[in-house]
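Everything below concerns the one structure shown next.
The values are calculated or read from the model by the stated rules, or taken from the named source; none is laboratory data. Everything numeric here is computed off the predicted structure, so don't read it as measured data. Cβ: placed from backbone, ideal geometry, glycine included. Neighbour counts: every protein chain shown. Just the protein is used for accessible areas: all its heavy atoms, side chains included, with ligands, DNA and RNA removed. Shrake-Rupley method; radii C 1.70, N 1.55, O 1.52, S 1.80 Å.
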Amino acid sequence: MKKKGWKELPEGCFIPGVPTSQDLKTGSWRTSKPVWDPNKCTSCFLCWVYCPDNAIILKDVGGDPKVSGINYDYCKGCGICADVCPPKVKAIHMEREEL
Amino acid sequence: MTEKERTKMALTGNEAFAYAMKQINPDVVAAYPITPATEIVQIFAKYVSDGEVDTEFVAVESEHSAMSACIGASASGARVITGTSSQGLALMHEMLYIASALRLPIVLAEVNRALSAPINIHCDHSDTMGSRDAGWIQIYCENANEGYHTLIQAVRIAETVNLPVMATLDGFIISHEMEVVESLDTQEVREFIGKRKPLYSVLDVEKPIMVGPLDLTDYYFEHKRQQIEAMKKSKAVIKEVIEEYNTKFGFDFPVFIETYRMEDAEYAILAMSSAAGTMKEAVDIRRSIGEKVGLVRLKVFRPFPFELLTEVFKNVKAIGVMDRSDSVNSMGGPVFNEVRSSLYELETRPRIMNFVFGLGGRDFPMEDALHIIDRVKELKDGKKLDFVEYVGVRE
Ligand code: SF4
Ligand code: SF4
């Protein structure tokens, strides 16, 4: 994308239109990534509640929401999901991101 | 020009600022008290509680919060005014840059006071000079009457160019002295300032936006470049607004600079704010004994009217620039350095020196004003003098 020059930008340091955060792929910041195990996950939604980037994917299974994976476009690898996943379940663990 | 009998009011500088605010009737005023500007918002708060204005008055816990609240309100499209001085302005410093870069036309009634340390509540210009690169338009007023009218003009200027404006008066010397103010009718004020048309509004649900996001290496420079351009363009706007005001209401306020007995001047003094009043009389005294000396009063410091200064000084042989603050940089005050730089393009440059005076409210008596004139005369006559002279300080 060609970046705009100063004469083309709206004045006042604001971005028109929402949601602008969708354009910012925070996934590129990741140094380690959460790996989710569908066989262990109980869909308690703790990871979904805590994820700061809304990167836990839910899907509809027979009318009920279930955790179904991680959106790596936006997951920045903070590790909060792995931390909050109940110790008895441990459905998410972190792995070093290969650069 | 309309010839009209103006209402004459006896007001102090602070009262004049507060009265202008009452007639402007801003949507929001967020402020914190500080000597010698306290009265401005104190009087205004009374207008609010007496129901004489429709303003939402936000009493905050510091000047940093005051400017932050002003920024939030202004970003929602409100017309916003605040007042402060000295340490208060210094505490706002971080937020001043945000207000100007977000292009919010906030108006600030400022009373010039020295900065600590040592603690001092009296007048000098170190507070607003410390904010000179914060992207605000700065208008230094000579007296209460000019302060009153400038604050009204400031609303139009700010909202036309979408930059914040501070109008200043000298602490105590003007803020607490009573003078005659020739006021406008409230209706005239309201018509002149009209309604604000904001660049954007954070409360407009039809047009959702994000204000002040992370800009980093890829767009920060472009946004700064826009802001620089806006400050350049503000020159035309300031001229237009003040000239329109003069024509409409029958005044003759100078726009950027005021010249006094400069027609055939061989040497000149440049002064700002209340000291220019004293200097005018000193010029008259020396003129009466045949000295060809004139005065330029610099009124608008941001944007800096260098073109006008180059023009007005091109035929004089020597200039004395007065600074009521020092840059503590070993080469004098900020006004001196910028005036001097403005003259660089001249083929024959006048000789120039700096007089730093009146720090911390040190009195500026007539004998000092005459001394400055006589020093500049010596400079004109070729005498070698120190680059910067401190007037009124004990050795
Ligand atoms: S690592 Fe952080 S950002 Fe990624 S899914 Fe887990 S909580 Fe969300
Ligand atoms: S916290 Fe663990 S168990 Fe709960 S939904 Fe997330 S991955 Fe599944």
>> At 0.36 nm per residue, and after removing the present C-alpha to C-alpha distance, how many nm does the segment from residue B:331 to residue B:206 gain when stretched out fully?
In response: 39.6 nm
> Going by a ≥ b ≥ c, the root eigenvalues of the Cα gyration tensor, does the protein assembly as shown fall in the rounded group (a/c under 1.5), the prolate group (a/b larger than b/c) or the oblate group?
Replying inline: prolate
>> Can you tally the net charge around residue B:242? Count Lys and Arg as +1, Asp and Glu as -1, for every other residue whose Cβ sits under 13 Å from the Cβ of residue B:242.
In response: -1
> So how exposed is residue B:316, as accessible area in Å² (1.4 Å probe, rounded to 10)?
Replying inline: 10 Å²
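Based on the Cβ-Cβ distance of residue B:348 and residue B:233, what FRET efficiency does E = 1/(1 + (r/R0)^6) give at R0 = 22 Å, to the nearest 0.05?
0.10
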>> Running a GNM on chain B with Cα contacts under 10 Å, which residue among B:204, B:124, B:133 ends up with the highest mean-square fluctuation?
In response: B:204
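Looking at this model, which pairs from B:46/B:233; A:25/B:197; A:25/B:224; B:46/B:224 are more than 32 angstrom apart at the alpha-carbon? Let's see the in-between values first.
Working: B:46/B:233 37 Å; A:25/B:197 35 Å; A:25/B:224 25 Å; B:46/B:224 39 Å.
Table pairs above 32 Å Cα-Cα are B:46/B:233; A:25/B:197; B:46/B:224.
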>> From the phi angles alone, apply the Karplus equation (6.51, -1.76, 1.60; θ = phi - 60°) to the range B:93-101 and give each ³J(HN,Hα) in whole Hz, x where the residue is Gly or Pro.
In response: 2, 4, 6, 4, 5, 6, 4, 6, 6
> Which of the residues in the range B:193-231 show a loss of at least 30 Å² in accessible area from their chain by itself to the complete set of protein chains, at a probe of 1.4 Å?
Replying inline: B:199, B:200, B:208, B:209, B:210, B:213, B:218, B:219, B:222, B:223, B:225, B:226
>> Checking the a/c ratio against 1.5 first, then a/b against b/c, what shape does the Cα gyration tensor give for the range B:257-391?
In response: rounded
>> Net charge around residue B:254, counting only other residues with Cβ within less than 13 Å of its Cβ (Lys, Arg = +1; Asp, Glu = -1)?
In response: -1
> What ranking of B:93, B:149 comes out by heavy-atom accessible area, probe 1.4 Å, highest first?
Replying inline: B:93, B:149
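Carbon-plus-sulfur fraction of the accessible area of chain A, 1.4 Å probe, in percent? Show your work: numbers first, answer last.
Working: 3720 of 6890 Å².
Solvent-exposed carbon and sulfur of chain A make up 54 percent of the total.
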> Using the heavy atoms of the protein chains alone and a 1.4 angstrom probe, what is the accessible area of the range B:257-391 per residue in square angstrom?
Replying inline: 43 Å²
> What aspartates and glutamates sit close enough to residue A:90 to cross-link, taking a C-alpha to C-alpha distance under 19 Å and skipping anything fewer than 8 places away on the same chain?
Replying inline: A:37
> Expressed as an acute angle from 0 to 90° and rounded to the nearest 10, what is the orientation of the C-alpha long axis of helix B:275-287 relative to the principal long axis of chain B?
Replying inline: 30 degrees
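Show me the ranking of peptides A:57-67, B:177-187, B:36-46 by mean Cβ neighbours inside 10 Å, starting with the highest.
Details: A:57-67: 11.4, B:177-187: 16.2, B:36-46: 22.2.
Result, highest mean first: B:36-46, B:177-187, A:57-67.
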> Label-point separation (nm) for residue B:390 and residue B:191, each offset 7 Å from Cα along Cα-to-Cβ?
Replying inline: 5.4 nm
> With each pseudo-label sitting 7 Å past Cα toward Cβ, what's the residue B:244-residue B:281 distance in nm, one decimal?
Replying inline: 3.8 nm
> Taking the simple approach of a point 7 Å from Cα along Cα-to-Cβ for both residue B:61 and residue B:367, what is their distance in nm?
Replying inline: 5.1 nm
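How much of the accessible area of chain B, in percent, comes from carbon and sulfur atoms when a 1.4 Å probe is used? Walk me through the numbers before you get to the answer.
Numbers: 8700 of 16640 Å².
Carbon and sulfur atoms account for 52 percent of the accessible area of chain B.
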>> Straight-line reach only, C-alpha to C-alpha below 22 angstrom: list the lysines that residue A:88 could link to, leaving out same-chain residues fewer than 8 apart.
In response: A:33, A:40, A:66
> Isolated Cys in chain A by the 4.7 Å beta carbon test?
Replying inline: A:13, A:41, A:44, A:51, A:75, A:78, A:85
> Got a number for the accessible area of residue B:287? Probe 1.4 Å, square angstrom, nearest 10.
Replying inline: 40 Å²
> To the nearest 10 degrees, how steep is helix B:216-249 against the longest Cα principal axis of chain B, on a 0 to 90 scale?
Replying inline: 80 degrees
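Among bridges DSSP assigns within the protein assembly as shown, what percent are antiparallel (round to 5)? Don't skip to the answer; put the middle values down first.
Numbers: 26 of 66 bridges.
Percent antiparallel among DSSP bridges in the protein assembly as shown is about 40.
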> Once the Cα atoms of helix B:144-161 and of chain B are each reduced to a long axis, what angle between those two axes, in degrees from 0 to 90 to the nearest 10, is obtained?
Replying inline: 60 degrees
> How much length is gained if the chain between residue A:1 and residue A:26 is pulled fully straight, taking 0.36 nm per residue apart and subtracting their Cα-Cα distance, in nm to one decimal?
Replying inline: 7.2 nm
